[in-house]
Amino acid sequence: MTVIPGDPSSPSPSEPSPEVSYSGRGAADIVGISYRQLDYWARTDLVRPSVTDAAGSGSRRRYSYQDLLELKVIKSLLDAGIKLESVRQVFSYVREHLGEDISSANIVISGSSTVLVRDGAELIDVLRKGQGVLNVLALSGVKDEVDARIVELFPAPSAEDRAHHPSAAGAV
């Protein structure tokens, strides 16, 4: 069964089905990175597609919704000025300690130090004790950005479109 993001009969982005997957180009567009960057991250094991990995020339990678969240977090860390090698270390730690629920915490970045914060009270304590400039990456906001981008790129077809062209929405 093909599940189409944006189709009202398909699961919503906030309740992804394990059946929903995104092509490499679709994943790159949703996250806001180039396909070349996505390919590099996959080849260097930063984020490997969990649905279908490349298996030789001409094969296609397929990314899950969870993969999109991970990709967006990585992009956000890079955008915050964290070097790629540090992002690899931070993200390895985040995966290990948060598992599937990466949108349940915040990452506080101060210079070359990065702190994972699990709740608001802990975040306040970190900010009160912190010295210098801190950059807070709210991982829950990453989920909202990914959901909004999916809806923007793959809007739900109207009932009229579906009646006249049942396959009008196409695959992602």
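The values are calculated or read from the model by the stated rules, or taken from the named source; none is laboratory data. The shown structure was predicted, so the numbers you read here are calculated from the model rather than taken from an experiment. Ideal geometry is used to build each Cβ from the backbone, glycine not excepted, and the neighbour counts take in all protein chains shown.
Taking every residue in region 135-150 that is under 13 Å from ASP101 (Cα atoms) and pairing it with any residue that is among the basic types (Lys, Arg) and assigned to a helix (DSSP H, G or I), at least 6 positions away or on another chain, the pairs with Cβ-Cβ distances below 7 Å are VAL142/LYS72. One residue alone among SER34, SER92, SER64, SER104 is of a type outside the set (A, V, I, L, M, F, W, C), at pLDDT 70 or above and in contact with a strand residue (DSSP E or B) (Cβ under 9 Å, 6 or more places away or on another chain), and that residue is SER64. Applying the set (1) surrounded by 16 or more Cβ atoms within 10 Å (Cβ to Cβ); (2) within 19 Å of SER140 (Cβ to Cβ); (3) not aliphatic (A, V, I, L, M) to SER104 leaves exactly one unmet item: (1).
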